[in-house]
Every structure is written in structure tokens, then in C-alpha cells.
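For reference, the structure is listed below as C-alpha cells.
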Amino acid sequence: MFQITRFLLIISFFVGIAYGVNAREQPDTLRVLAIGNSFSQDAVEQYLHELAVAADKPMIIGNMYIGGAPLSLHWENAQADKAAYSYRKINVDGVKTTKEGVSIRTALHDEQWDYVSLQQASPLSGRPDSYAAPLPKLHRYIDSVTDRSVKHIWHQTWAYAANSTHPGFANYHNDQHEMYHAIMEASANTRKLVTIDRVVPCGTAIQSARTSFIGDHLTRDGYHLDLHIGRFIAACTWFETLFGEQAPVERYRPEGVTVAQAAVAKQAAHVAVQQPFAVTEIASVQRPNILLIVSDDHAFQAIGAYGHGLVATPNMDRIAHEGARFTSAYVTNSICGPSRATLLTGKYSHKNGFKDNATSTFDHGQDLFVKGLQNVGYQTAWIGKQHLGNSPQGFDYYSILPGQGAYYNPDFINTGGEREHVEGYVTNIITDKAVAWLDGRDRSEPFCLVIGHKATHRTWLPDTADFGRYDTVDFPLPETFYDDYAGRKAASGQEMNIAKDIRMGYDLKMEPVAAADREGAIKRMNSEQRQKFDAYYQPIFADFNAQNLSGRALAEWKYRRYMRDYLSTAASLDRNIGRILDYLDANGLADNTLVIYLSDQGFYLGEHGWFDKRFMYEESFRTPMLARFPGTIEPGSVVDGFVENTDIAPTLLKLGGAEIPQDMQGLPLQPLFRHPDSTIRDAVYYHYYENGEHAVSPHFGVRNARYKLIRFYERVDAWELFDLKEDPHEMHNLYGKKGYEAVTAEMKRLLKSQIEKFEDHEAAALFAADAT
């Protein structure tokens, strides 16, 4: 019995070993060795193994790398058995190893390779004479070392970008098409020289992909492939050549590659494998659409998804639940026009030239993200509030409100300058116009639509359907409502306090009928609208007069009246966002449309006793931002990393496959879409300029994960420092306090670096003057 048991244990032991070997390396594992240079690095070292894993196809990949190596050098090295290569290997389990100083012979003996690939160096790839001597010799060498056990691959490389500055481009008269055709002729001729079992037509796949919406944006320096979509196209081409089926882009898509780009990669690879030496136009892939919804003065505290519980916002919350909620989205200048200028340009106010609403004029002739999208075939439109003058550029269609616009029966300036008067409530009308434009667009081309809402800008005038919506809600006072502004001189000097600065008639509609007749917003109403307005507000006004309130009771009554009007105005905003989302669903657009919702800045809902914005304190510095893009953004994602409104422009250009101008100061958000727990910056910089309304002093500053440093100037000459971990409401100015010298010095160094990074010369001069 003991002998039998021992025998079974031994058998089990060896079975276990065999099982472990099979678990690591299955018998049908495909082994491919590339002998090349940086172009083989581009093609096989990234994404090919991941595609194989997604398709459940075990694979080992090797790459013998010497930068820029031509066939002649490979033959010299093989002949001399020279250990000159960096041998990069991806094992079946995905583990990557690199050995320096390896010879071709050593690499050929390292595995029982199924395929060995060769290629020519890119400057010579279209020169058949450079193939004639070394290629046959290399083939014979590989066959002799491997006992003819391998099959031979010819890796067809790609033509340079049309604007490439590579010196080898001169071999083809700096002409991309000439280079491509020369490579095709030379590649086809390889079969006259040697036996080629497979051609991997990366050159044709890349050239075909250039006919898609991506255009000639597939290289990172004019010749090496772009780290994301360029390399992914090459990987898809290798995959289909090796395995005889299309790349599983639905199961694996690398970071930085959109759904639409992945579809191009799959199609370009497929048509290239079918016709390795001829370009096929990639016109059928549907490019992603873009819907950017920009509200006005909408506080993140007023959105249900942010967890403050003031009111329900089911449609905004839907974007968050089906996409991502950004908890640390900030603006660079918290005021209407400058914020929109930053959205369009991707640049800070001092760079785009629009610093304030009072003295600035926006230059529409500068680079705007919509112009870049137009250049790659997007239909563009802005409908609603823009607040940057009356002559937009970069839009195939526009219908914008003059200036701030009106809540009731607004005027619009349409494409070409034609004025139009429309009866109704502005939020509904803007949405009607947006739907009409979407219905009438060319459905064969992608769109970028910006919907600019007036809501929830002062004077917070709700739709008649929403009068009284929250009259039974007793909104709690914010913890800081009775802030005394101790130690914060700029805060104490403002004129945006609900208790003393909000206007009873203009803001809260508490005035006799005759006085209301003089208010511009009320005078625009038609008789039906005015009857509903008076029927709602006049009884409240009478009750208010009867109470004869004063002191804190009056301040708190004003606060609750303000909140009811503000949030009732926001109700129409949420409802109309729902209309647009429903339209996307009904018309089959939701899955291929990036939807971004944000406000031009945050807003005070009684915090510090205030309404309005402007300050670098969190409530107005931070803006709500939600994004949905099925297949790219995981539903229910929460992005805590810092983002800015400068990031919108480069994000949309990258999504559309357009060039990002070098002077744009924002960063694409795509890494956060795919990896919401990642970060793209560790600090945010701010500069507010306007020195007028609400008596807010101009200031600039920086915020990192824990601290915020602000420099006020002109009206108030002061510094403020806050520990946001210990003092999230920013009530205790620590600047100059004992024990904070090191923190202050570090934050000043950070501020200086941000000023220099963004080339804010006005702030730099003030900062330098402080140091003298």
C-alpha cells in the first residue's frame, strides 16, 4: 500500500510540473522574433502582446534592436557573430526582459521561433538596390542557424509624415506619396530575392489610416509612430497577419486611443492585409461627436451627484452615473467672458487677451479648438450664451445671445449677424435651437456642438413652470454664512454679501408692480408671462412686508428667497439637459458622443454669506464638471485629480484627431477618462483681474493638494495662506503665522514656478517686487 501511494505521489508531482509548464507556455504558443530597429520597436514591442492576450492567443515576442540599423549592418553583425543588439523579449505571461550585448545567433537559439522578421531602415526602405546584397545573405544565415525551421516575415515600414524633417526624406524629394510608392515597390521585389512567407503591411495600414479622420497625425516626430494610435495600427496589422483574424479592438484598446480611432486601426489593418501594396480610403469609420454644455454660475453644491443634497438634478446626475464626476475641476479666472475665452483657446486670460468683462475685447482670429476641428471635417455650432462679442469665428452655425442675454423672450444673433427675437423662456429656446441644428446637420460628418446656457446667472429668473418649485424647502444656512472675515482683508471689503448687497427688487423681485415695470428683465415679458410672474411674486412680497424683518431674520429670509429662485432657475437647466441626452439616445448618437457638462465657474450659495463668484476660494474657483463617453469613460467614475478649463480645448482636438497648437496651455483629459485615479498635474494656478463690480480685489495664486496661497493687489495688498486639510472652508489665514514659515516658502516657490510656466508677466512683476 505504501509503494502504491508513493507511486501516485510521484505521478502527481510530475503531472503538476507538466501542468505548471502548460499554464505558463501552451504548446500552441506563437513565437515571433523581429530583427530590426526603432521601427520594429514601434510595431511589436507595444500592444501586439496585449491584443494576443485579449484574443486568448499565447505569444512570445522578441525584438533585436539597434537604432536605425539597415539590412547591411544586420548582415555584418550576423557574419561576425557580433553581440551588438539590445534583445527585448515579451514572454507568454507578458513579462518583459531586456538583455544588452546579444548576437543574432544567440537570439535565434533562445526560442524555437515560428517566424523571424526583417525590415529595411526607413531612409533606405524605398531603395531596392539596398536590399539586393544583404537580404539573401541574411535569409541564408537564418535558415542555417535554425535548420530551416522558421518562416520568414517581411516587415513593410511606413512613409514619413508629410512635414517630416528626417534627412532621409530627401531620398524621396520630401514627398510622402513618393516615399510610400517606393517602399511598396521595394517590398514587393523582396519576393524576387528571397522566400517571404508573410508580409506585415504596416506601411500600407498607416497610409490608409491617413485617409481617415485621423489624418497625417500618426507619427510623434515625423517618422517614429505616435505612441498611441500609430503604434496600435501597427500592432493590429501584425496581429491580423499572424493570426488570420481581425484585431480584437473591442476587448483591448490602449490608453490614449479612442473608440473611433481603434475602429480605424482595425479597418486599416484589415484592408492592408487584404491588399498589402495599395492604399484603401478609410472613410466609413464614424468619428466621435462632441457635445459641450456650458452653464453660467452653476455651483457644484447645487448638483445632486456632488452629494450636497440641496435639490435633485436627475439629468446632470445621469451624466455622472453613466460617466465621470470631476471633484477637482478648476477655472483659471472666475468670471463669465474670460472663462469662455479660456474654454475656446486652451490658454490663460493673459495669453488669450480676455482678462475681464469690463475692458477686454476677445480676438476671435486666434487659434480656437473649433477651428482645428473644422480643419479635420467637423461641423461646429455654438448656440446660446457666449459673451465674447457678436461675431464668433470657427463655427459653421451660431445663434448667440447678445451679451448676457435675457431670460424671457430673448434676442439672438445668428450666423452672419442677423438678429432674431424669439418668444419663450431662454433655456427652452436654446435647447429647441440645438435640437433643430442637430436635426438639420450633415449626418455623414461628425459634429461639435457647444450649448451655452444663460442659467443660472443673476438675476435668477425661473421659467414660469418652475415658480414656487422649492417654496416648501427650508434650505439650511451654510456653516460659514456669518463669516466675520477676520484676518482676510480682501474678503471683508467685497460687495457681494446676501445680507447687505443683494437687491430686494432687482435680485429677489420684492417690489411693487409699478417698480417691476422698470426692470429690464420683467419688461420683456409678454402679458401671459407677466400675469404668472405677478401672481407668484406679489403675494410673497406682501407677506414679506407684513413680517417687518430685520437683523439676522432679514438676512436669513433673503438667503432662502435667493436659494429658491436660484435653484428654480437651475431646474429648467437640468430638465433641458435631459432633453438633449434623450435626443442623443433617440437618434443613435449616445454611444459615439463625448458629452461634457461644466459651468463657466463655481458660485456662492451663501458660503461666507455671499452670492456671486470671482474669489479664488473654493466655491467659485472650483467648477462642476461631468463627462460621459461610452467605451472610454467607465460609468460611475470619480476623478479626484486636478483639471482646469484650459484642458477642454486640447482634449477635444485630440479626440477629433486635430493638431493641438503648441501655445495651448491645457492638457488633454484622455488619461483621466481611462484611468480616473491617475493625475495630470499636481497644482492649479489662478489669476483674477477685474477691479470693479462687487469690489473684489484682483489676485493670483496657486493651490496644491493641501495648501492654497493667494496674493491680492490693487484694492487690497495682502497675502493669504490656507491649510485646506485642516481648514476646508478657508476661514483662517495662516500667512505670517508662526510655524508656517517653511510651508509659506515652499508655496511661494510653487507659485513662482507656475507664474514662469504660464508666462504670466504681470504676476511675475508683482512677485518680484515683493522679493525686493
Phi angles of the stretch 674-680, converted by Karplus (6.51 cos²θ - 1.76 cosθ + 1.60, θ = phi - 60°) into ³J(HN,Hα) in whole Hz with x for Gly and Pro, give 7, 10, x, 8, 8, 9, 10
Sorting Gln601, Phe533, Tyr485 by the position of each Cα along the dipole of the chain (Lys, Arg +1; Asp, Glu -1; all at Cβ), the one nearest the positive end of that ordering is Gln601
For Lys99, placing the label point 7 angstrom along Cα-to-beta-carbon and taking the stretch 29-56, residues whose amide nitrogen sits under 16 Å are 32-35
Computed over the chain: longest principal axis from alpha-carbon atoms vs helix 426-440 long axis, angle to nearest 10 degrees, is 30
With all protein chains in place and a 1.4 Å probe, Lys96 shows an accessible area in Å² (nearest 10) of 120
Taking the alpha-carbon centre of each part, the distance from the stretch 253-273 to the stretch 297-343 in Å is 33
In the chain, taking the dipole from +1 charges on Lys and Arg beta carbons and -1 charges on Asp and Glu beta carbons about the Cα centre, the listed residue (Pro630, Pro338, Ala465) farthest towards the positive end is Pro630
Sparse-neighbourhood loop hits (GluC sites (Glu not before Pro), the stretch 351-432; DSSP loop; Cβ within 10 Å at most 15 others) -> Glu418, Glu423
In terms of the alpha carbon gyration tensor, root eigenvalues a ≥ b ≥ c, rounded if a/c is under 1.5 and otherwise prolate when a/b exceeds b/c or oblate, the stretch 237-390 is oblate
Rounded to the nearest 5, the percent of DSSP beta bridges in the chain running antiparallel is 50
Toy charge model, Lys and Arg Cβ at +1, Asp and Glu Cβ at -1: the chain dipole around Cα centroid in debye, rounded to 20, equals 1220
Using alpha-carbon positions, the gyration tensor of the stretch 513-666 gives root eigenvalues a ≥ b ≥ c; with a/c under 1.5 called rounded, otherwise prolate if a/b exceeds b/c, else oblate, the class is prolate
Rounded to the nearest 10 degrees, the helix 259-274 long axis (Cα) sits at an angle to the longest Cα principal axis of the chain of 20
Interchain or sequence-distant (5+) residues whose placed amide H lies within less than 5 Å of the amide H of Ala34 are Gly62, Asn63, Met64, Ser117
From DSSP H assignment alone, runs of 4+ in the chain each adding -39500 (n - 2.57), the sum over residues rounded to the nearest 500 puts [θ] at 222 nm at -11500 deg cm²/dmol
Over 32 Å (Cα to Cα) among Lys558/Lys738; Lys89/Lys266; Lys454/Lys654 -> Lys558/Lys738
Yeah, the chain with a ≥ b ≥ c from its alpha-carbon gyration tensor (a/c under 1.5 is rounded, else prolate when a/b outruns b/c, oblate otherwise) is prolate
Between the Cα axis of helix 741-757 and the main Cα principal axis of the chain, the angle (0 to 90°, nearest 10) is 70
Judged on accessible area alone, 1.4 Å probe, highest first, Thr593, Thr97 line up as Thr97, Thr593
Heavy-atom accessible area per residue of the stretch 719-772, all protein chains kept, 1.4 Å probe, expressed in Å², is 59
Check: C-alpha center the stretch 663-707 vs C-alpha center the stretch 101-129, spacing in Å is 49
Using a 1.4 Å probe on heavy atoms of the protein chains only, the accessible area for Arg575 in Å², nearest 10, reads 80
Residue separation between Ala162 and Ala278 times 0.36 nm, minus their alpha-carbon distance, gives in nm 39.9 nm
Trypsin sites (Lys or Arg not before Pro) in the stretch 101-164 lying in a DSSP loop, each with at most 11 other Cβ atoms within 10 Å of its Cβ, come to Arg148
On the formula 1/(1 + (r/R0)^6), with r taken between the Cβ atoms of Ser527 and Asp442 and R0 of 41 Å, the FRET efficiency rounded to 0.05 is 0.50
Residues whose built amide H sits under 5 Å from the amide H of Ser599, excluding neighbours closer than 5 in sequence, are Ser295
Whole-Å distance linking the alpha carbon centroid of the stretch 360-386 with that of the stretch 410-453 is 15
Calc'd 3J(HN,Hα), the stretch 689-700, phi into Karplus 6.51 cos²θ - 1.76 cosθ + 1.60 (θ = phi - 60°), Hz, glycine/Pro = x, comes to 10, 5, 10, x, 4, 6, 6, 8, 6, x, 6, 9
Under the Karplus relation with 6.51, -1.76 and 1.60 and θ = phi - 60°, whole-Hz ³J(HN,Hα) for the stretch 198-212, x at Gly and Pro, equal 9, 10, 9, x, 4, x, 6, 4, 5, 5, 5, 5, 5, 7, 7
Averaged per residue, the 1.4 Å probe accessible area of the stretch 146-246, protein heavy atoms only, in Å², is roughly 37
The percentage of the accessible area of the chain (probe 1.4 Å, all protein chains present) made up of carbon and sulfur atoms, to the nearest whole number, is 50
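The values are calculated or read from the model by the stated rules, or taken from the named source; none is laboratory data. Values in this document were obtained by computation on a predicted structure and should not be read as measured data. We place every Cβ from the backbone using ideal geometry, glycine too, and count neighbours over all the protein chains shown. Quick note on the areas: whole protein, heavy atoms, side chains included, nothing else; ligands and nucleic acids left out. Shrake-Rupley method; radii C 1.70, N 1.55, O 1.52, S 1.80 Å.
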